[in-house]
Structures are given as structure tokens and as C-alpha cells.
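Peer 1: Next up is a structure, given as C-alpha cells.
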Amino acid sequence: MKILFIGGTGVISSECSELCIEKGIDLFLLNRGKSFRTPPANATIINSDIRNVSGTQNAVAGHKFDVVVDWIAFNEKHVKDDFELFKDKTEQFIFISSASAYQKPIPKLPITEETPLANPFWAYSRAKIDCEKFLMRMYKENGFPVTIVRPSHTYDETKNPLKGDYLPFFRMKESKPIIIHDDGNSLWTLTHTKDFAKGFVGLLGNKRTIGEAYNITSDETLAWNEIAKLLAEKAGYDLKIAHIPSEFIKQYDEEWGDGLLGDKAHSVKFDNSKIKTIVPEFNPQIKFAEGAGEIADYYVTRKMNNNVDNALDQLMDKIIHNYSIQ
């Protein structure tokens, strides 16, 4: 297969790129070459900015692809551009949506692909919903061969699920409390990118997936208190937690608060039976206990990308103090 990834060097997509190459897929990566991650040696790089439509049109002139995947489309204009660019150039277009698009509050668990899409709390999620609606309309009206994928919090060693990347480890080292939203007992699903890739690559070129949406997540759920505890244990630090309501956090940082109220503050559990039926080899195995060790090794042992966000550190101190005196 000849496949184009728009992006392909991000947290979620990098492992998918590697697995594609491993499986002998003819992989093209269209991106600006700005990522610190090195693309696979055998991938063909098309250096272009997807937001420059005319430039991208020139860059892909003469190419046709079995599959095009857009990893970095975040609003309706992005997918409208994709439709115009690739409607005559691919047999399958895969849009990376988000499980945060599912209705909040969540009507019932587990979350399936039939759970309604509605998120009044987070603009990011509403934009993903708009993308899905447009693409499904193009599928129904024009036969545009779209497949939708809904990941939920996929991570690698560089992606700390706690706010601030290295900052939580810095605060632990300094014996300062880290902020966990609400009481820390809501359940969350963290999916290692290696597990995600096995499910995702199995969708490529599969015509039965056209017009369908798929959850690709781990089957493990952990409370946020457990997530923080595992990260602290793997880093070798004592853990102090300040439980702060999501609504209170939003008063100081709207983006952080919206991400909590629209996603992380809600207990989730996903039904992955649909992806497992179409991709039987998808069987997520990596528990977060292992993933937490990778993250701690990256930030604490190897000291990679461990710059302190001083402004965020001070904001966290302020939030904790102000909540304690109210």
C-alpha cells in the first residue's frame, strides 16, 4: 500500500509510522519537518505545510494514495481543505477525531461508537465533532471514503498525563503538592502508543471501515490518584496531592479547566469490541505501571526536556493557596 500521513511524527502517529514501515508499507509523510522526533528512515518525506493548500496541492501533484491519514486536523476548515485536496487522490481517508467528543456528562458506560457526540464544555471537542459531521456528509453525498478514529489520551514516554510535562516531577522533588482535579477518584483510560498503533494500522486499506467510526483505547482504567501515585513511585519521589475542583481551576486557567470539565473530570471506560472485531490482533497489553516507568525514566532519569514552566508552577501555588483559604 501507498499511504500518506499528514503529520506522522507526533506522540500518537510516530509509532504508527514505525509500524507501517515494519509491515512494508510505502509510507509518505507530509509535514514541515519541525518535530524533534526522527521519522523512519524508509519513509518518503514531503516537506510542506498542510495549511498552505496551494503549496500542498503542488507537493502531492502526480501522487495517488491508497490511504490518506490526517493526524493534525482540528477544525472544519482543515477537513474541508483535506476533502478538496484528496477527494480524487485516495481510496480511504482517515480522520483522527477524539473520544472527548462523546457526550458530557457521559450518559452511560462503557462508551461505544454509538454514544452521542456532544460536549458543551470544551471547544476543542466541538470542533472535532464539526469535522466528523462534515466528513460524514461528504461520505453520504459524494462517496468520500472516510474512516473516523477516536483515540483517548494516547501517550508515549514524552507525554506525562499530569499537567505540565516535567513540572509535576519538579514539584514532587521540591516536596510541593501536585494538583489533581476534584477528589482524584474519577476513572481514566491511558493508552500506550504502541498498543494504539496495532489497532490503527489494521484499519489501513480495509474497505469495510469506510463510513465507520472506531474507538482505539486501552481496556485499563485507573483513578487519577492512582495515576499520580504510579508516576511518583517510578520517579522515586514522595507524593503530596492537592485536590482542587475542576471549576475552581477554570477560574485561573480557562484552557486547563475546559479540558477537565470537557474530558478528564469524567469517569470513562471504553468498549473496544468494534475495533477488535475488524482488527483481531488489537489486544492492548501495556499497563500504565509500565508506561509510568517510561515517563519517569524520560523526565527524571535521563532528564529529557525537563525545563520548568515557572509561570505554571507559580499559578499552581496560587490555586492551591487560594483554595485552601476560601
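The values are calculated or read from the model by the stated rules, or taken from the named source; none is laboratory data. Just so we're clear, the structure is a prediction, and the values are computed from it rather than from any experiment. Cβ sites come from the backbone with ideal geometry, for glycine too, and all protein chains shown count toward neighbours.
Peer 1: For F196, state whether it is more than 20 Å from the chain's Cα centre (by Cα) and crowded, with 20+ Cβ neighbours inside 10 Å.
Peer 2: In short, no.
Peer 1: Would you call D238 surrounded by fewer than 18 Cβ atoms within 10 Å (Cβ to Cβ) and not assigned by TED's automatic domain parsing to the domain that holds I96?
Peer 2: Here the answer is yes, as D238 does meet what is asked.
Peer 1: Please go through (1) under 17 Å from the mean Cα position of the chain (by Cα); (2) touching a residue at least 60 places away in the same chain (Cβ under 8 Å); (3) not assigned by TED's automatic domain parsing to the domain that holds P105 for E255 and return the number of the only condition it doesn't satisfy.
Peer 2: (2)
Peer 1: Residue by residue through the stretch 249-304, note down the ones that are among the polar types (S, T, N, Q) and under 28 Å from W122 (Cβ atoms).
Peer 2: Residues satisfying the conditions are Q251, S267, N272, S273.
Peer 1: Can I ask one more? Can you tell me which residue within the stretch 50-66, out of those that are over 20 Å from the mean Cα position of the chain (by Cα) and of a type in the set (A, V, I, L, M), is nearest to S152 (Cα to Cα)?
Peer 2: V53
Peer 1: What pairs come out if I take residues in the stretch 64-79 that are more than 17 Å from I46 (Cβ to Cβ) and pair them with residues that are part of a strand (DSSP E or B) and not hydrophobic (A, V, I, L, M, F, W, C) whose C-beta lies under 9 Å away, six or more apart or interchain?
Peer 2: So the pair list comes out as H78/D70; V79/D70.
Peer 1: Checking the structure you have, find out if any residue of the stretch 73-80 is within 22 Å of N206 (Cα to Cα), modelled with pLDDT of 95 or more and in contact with a strand residue (DSSP E or B) (Cβ under 6 Å, 6 or more places away or on another chain).
Peer 2: Within the stretch 73-80, not a single residue is within 22 Å of N206 (Cα to Cα), modelled with pLDDT of 95 or more and in contact with a strand residue (DSSP E or B) (Cβ under 6 Å, 6 or more places away or on another chain).
Peer 1: What are the residues in the stretch 255-277 that are under 16 Å from S218 (Cα atoms) and either surrounded by 15 or more Cβ atoms within 10 Å (Cβ to Cβ) or in contact with a Leu (Cβ under 9 Å, 6 or more places away or on another chain) (or both), if any?
Peer 2: K264, S267, V268, K269, F270, D271, N272, K274, I275, K276
Peer 1: Identify, please: which residue in the stretch 87-110 is in contact with a helix residue (DSSP H, G or I) (Cβ under 7 Å, 6 or more places away or on another chain) and in a strand (DSSP E or B) and is, among those, surrounded by the fewest Cβ atoms within 10 Å (Cβ to Cβ)?
Peer 2: Among those residues, the one meeting the criterion is F95.
Peer 1: I need a count of the residues in the stretch 111-144 that are closer than 15 Å to Y214 by Cα, assigned to a loop (DSSP other than H, G, I, E, B) and in contact with a helix residue (DSSP H, G or I) (Cβ under 8 Å, 6 or more places away or on another chain).
Peer 2: 2
One line per residue, one yes/no per condition, for (1) of a type outside the set (D, E, K, R); (2) out of contact with any Pro (no Cβ under 8 Å at 6 or more places or on another chain); (3) surrounded by 19 or more Cβ atoms within 10 Å (Cβ to Cβ):
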{"residue": "F200", "(1), (2), (3)": "yes, yes, yes"}
{"residue": "D219", "(1), (2), (3)": "no, no, no"}
{"residue": "E226", "(1), (2), (3)": "no, yes, no"}
{"residue": "K234", "(1), (2), (3)": "no, yes, yes"}
{"residue": "K250", "(1), (2), (3)": "no, yes, no"}
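Peer 1: Identify, please: which residue in the stretch 286-316 is outside any helix (DSSP H, G or I) and within 18 Å of the chain's Cα centre (by Cα) and is, among those, surrounded by the most Cβ atoms within 10 Å (Cβ to Cβ)?
Peer 2: Out of the qualifying residues, it is I286.
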